[in-house]
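Since every read-out is calculated from the coordinates, none of them should be taken as a lab result. Because the structure is a prediction, the values reported are computed rather than measured. Here the Cβ is made from the backbone with ideal geometry for all residues, glycine too, and neighbour counts use every protein chain on show.
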Ligand code: AMP
């Protein structure tokens, strides 16, 4: 199963991808996570991406396409993968098509999560994760059962993304509508697009996605 999750920042792509990893036993390929790891490790890519990410702008297609091309060639992607945050431009979508075509593969499904802008701002400005296991939390929607202690691993360290602030979010949403939203038309034209109401409860969104994938 080769799948693209499309949607603005805060739409729930990462949350849903994690459920699908367990359900279909294929990896989640998040270009945002890969870039954050590169920044933390201080690699050449990380050095080039850091300021761009902090400003909420898009990293260049060349860098991103190279990262994905390398990643999808790894053995754990042979049975499929879930793309989360890639492609984000029409150029990336074309590059992805050719990368896969060279291997005799193609994307099977594209799912766009639709969420109102106001909800995105609320979701993003309150979210944080466990610094040890990555479990996701939210100031308003999902606090740990015991204050300050991760439900999953017991850690007391939490972190917030530097770019999850209202000012940077404006730039990220601008980039989404300008560069990424055109992909909805692109995949519609190729008859690959499915849309899901991302305003629904997390579990209902998962069900809707699984219905599409299992059809
Ligand atoms: P995300 O975790 O998907 O919200 O991505 C965080 C940041 O990483 C974005 O705001 C961009 O700066 C960068 N980024 C992630 N994926 C891409 C991509 N496919 N193309 C360009 N920049 C990206």
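Structural remarks
- Relative pair counts by distance (%), Cα atoms of the range 1-116, 5 Å bins: 2, 11, 22, 24, 22, 14, 5, 0
- Gain on full stretching of the segment that runs from residue 91 to residue 212 - 0.36 nm per residue minus C-alpha separation: 40.9 nm
- Average Cα contact separation per residue, the range 58-161, under 8 Å, 6 or more apart, as relative contact order %: 17
- Residue order for 77, 133, fewest other beta carbons within 10 angstrom first, comes to 133, 77.
- Counted residue by residue at 0.36 nm each, then reduced by the alpha carbon distance between them, the extension gain from residue 118 to residue 152 reaches 9.3 nm.
- Residue-span extension gain [residue 44 to residue 106] - 0.36 nm each, minus C-alpha spacing: 19.3 nm
- Relative contact order for the range 104-204: 40 percent, from Cα pairs under 8 Å spaced at least 6 residues apart, divided by residue count.
- Across every direction, the projection of the convex hull enclosing the Cα atoms of the chain has a mean area of 11.7 nm².
- Sequence ranges 48-57, 24-33, 183-192, ranked by mean other-Cβ count within 10 angstrom, highest first: 24-33, 48-57, 183-192
- Spread over its residues, the convex hull of the C-alpha atoms of the range 77-175 is 145 Å³ per residue.
- The range 59-106 versus the range 149-215: alpha-carbon centroid distance in Å: 18
- The chain, relative contact order in percent, only Cα pairs under 8 angstrom and at least six apart counted: 28
- Global form of the range 94-139, assessed from the alpha-carbon gyration tensor, a/c cut-off 1.5: oblate
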